Amino acid sequence: MAKGTIHNKDVFLSEIAGKLGRERKKDVSLPEWQHQPQWKVYKNASPDDLLATFRQRSQAKDAEVVETDQAKLMETLQKVVEEYGGGPIVTTNDDRFAEYEIKDVLDNDHTHRWDTALGADNIEKANAANIGIFFGDIALAESGTIVQFNDKDIARSVSLLPITYIAILPKSSIVPRMTQATHEVHKQVESGKDIATCINFISGPSNSADIEMDIVVGVHGPVNAVYVVVE
């Protein structure tokens, strides 16, 4: 999309400042807070401590946590897929499937890999899928949440439309809380990197208590969530 041209910006902003009874500010700087308790939560937690907390918080939301290492990831993934009913499967178009040497296990007639050239057909495939598989970018120990940086190849439909989603999470991606996740996004902006077009914070399977305060799972998304944590 071409960038547009802003007309009369200075005049407009000066008039707003005048109405507020102050001089117009030329720049904005982040405040330096004296107290920042958000950085102290799980500050001294080890990777194993963070994983234990992440597991506990995830299970409280009915999400299953499976631990493995990269050598056994393919075998573990096959078992999880079978446990939750097998295909059809939809996956994101992510280079990490090849990097983690699990691309071959998903190269079959029952698996659809997201392809932007197919347009809306991808959404139909995801909607008909039993399982969606993708990589999580960050995991939050405090809330049992996974963070997904979406783009044209890492489509949110893969985590939203199938009955079950399986998120593959490197153990090193588990951080204490949202503080660290948003700080990572902030660093990307500061360094001039293009950030994700959509950033999803996903906490377990979908559920709602809007109807007579009764929790119902799977109202507007997956019924099952599985986090495969890779050492």
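Percent of alpha carbon pairs in region 93-145 separated by more than 19 Å? Working shown, then result.
Details: 555 of 1378 pairs.
Within region 93-145, distances greater than 19 Å cover 40 percent of Cα pairs.
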Worksheet item: Where in region 19-84 are there GluC sites (Glu not before Pro) that are in a DSSP coil and have at most 11 other Cβ atoms within 10 angstrom of their Cβ?
Response: GLU23, GLU32
Worksheet entry | Share antiparallel - DSSP beta bridges, the chain, percent rounded to 5 | 30
Response to the item:
Computed curve, region 131-181, Cα-only Debye sum without solvent term, log₁₀ I(q)/I(0) at 0.19, 0.30 Å⁻¹, is -0.62, -1.13
Item to complete: Taking only Cα atoms and a 10 Å spring cutoff, compute GNM fluctuations for the chain and point out the largest among ASN93, ASN44, ASN122.
Response: ASN44
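Explain nothing, just the number: relative contact order of the chain, from Cα pairs under 8 Å at least 6 residues apart, as a whole percent.
24
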Fill in: Within a Gaussian network of the chain (alpha carbon springs, distance under 10 Å), most fluctuating of SER58, SER14, SER203
SER14
Discussion item. Cut-off 10 angstrom, C-alpha nodes, Gaussian network model of the chain. Which of ASP49, ASP62, ASP104 fluctuates the most?
Written reply: ASP104
Worksheet, complete the sentence: Scoring only Lys, Arg, Asp and Glu (+1, +1, -1, -1) among other residues with Cβ under 10 Å from the Cβ of PHE97 yields -3
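Rounded to the nearest 0.05, what FRET efficiency do GLU124 and ARG22 give with R0 = 45 Å and r taken as the Cβ-Cβ distance? Could you check?
0.25
Using only the Cα atoms of region 78-189, what semi-axes does the equivalent ellipsoid have when each is the square root of 5 times a gyration tensor eigenvalue? Give whole Å, largest first. Before the final figure, lay out each step's value.
Details: eigenvalues 125, 51, 34 Å².
For region 78-189, the ellipsoid semi-axes come out as 25, 16, 13 Å.
Where a number appears in this text, it was derived from the coordinates with a stated rule and is not lab data. Everything numeric in this text was worked out from a predicted model, so none of it was measured. Don't worry about glycine lacking a Cβ; one is built from the backbone with ideal geometry, like all the others, and counts go over all protein chains shown.
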